[in-house]
Amino acid sequence: MRIEVYLNDVVQLRKVHPCGTNAWRIYRVGADIGLQCLGCGRRQLLPRPKFEKAFKRKLDPKPDDDSR
C-alpha cells in the first residue's frame, strides 16, 4: 500500500539519525522522497520503496515562533 505524504509533512523513521533525531521534514515528493533532518539539517533522497519500508508515522509539525 502506498503511503500518502505531502510537502512539509514531518515524519518519523524507524532508525534514529546519527545526530540523535528521528524526525524528518519532506521537501520533495515523487519517485524519490526528499527528507531533511530536523536535528542537523542534513538532506537526503530515498527511493520511494525504501522510504515506505523505513516510515513509522507522521508527526505533528511544530508551530513556528513567529508570534513574538
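Here are a few things to note about the model shown:
- For the chain, calculated [θ]222 nm from helices alone, where every DSSP H run of n ≥ 4 adds -39500 (n - 2.57): -2500 deg cm²/dmol
- Sorting the segments 34-41, 45-52 by their mean number of nearby beta carbons within 10 angstrom, highest to lowest, gives 34-41, 45-52.
- Furthest towards positive pole of dipole, Leu35, His17, Tyr6, structure part the chain, Cβ charges: His17
- For a 4.7 Å threshold on C-beta separation, the list of partnerless cysteines in the chain reads Cys37.
- Two-site FRET efficiency, Tyr27 against Arg48, from Cβ-Cβ distance with R₀ of 22 Å, rounded to 0.05: 0.90
- Only Lys, Arg (+1) and Asp, Glu (-1) charged, at Cβ; the chain dipole about Cα centre in debye: 380 debye
- Three-way shape call for the chain based on the alpha-carbon gyration tensor, with the a/c threshold at 1.5: prolate
The numbers here are math on the coordinates, done by the rules we state, and not lab data. Quick caveat, the model's predicted, so the values are computed rather than measured. Using ideal geometry, Cβ is built from the backbone for each residue, glycine included, and neighbour counts are taken over all protein chains shown.
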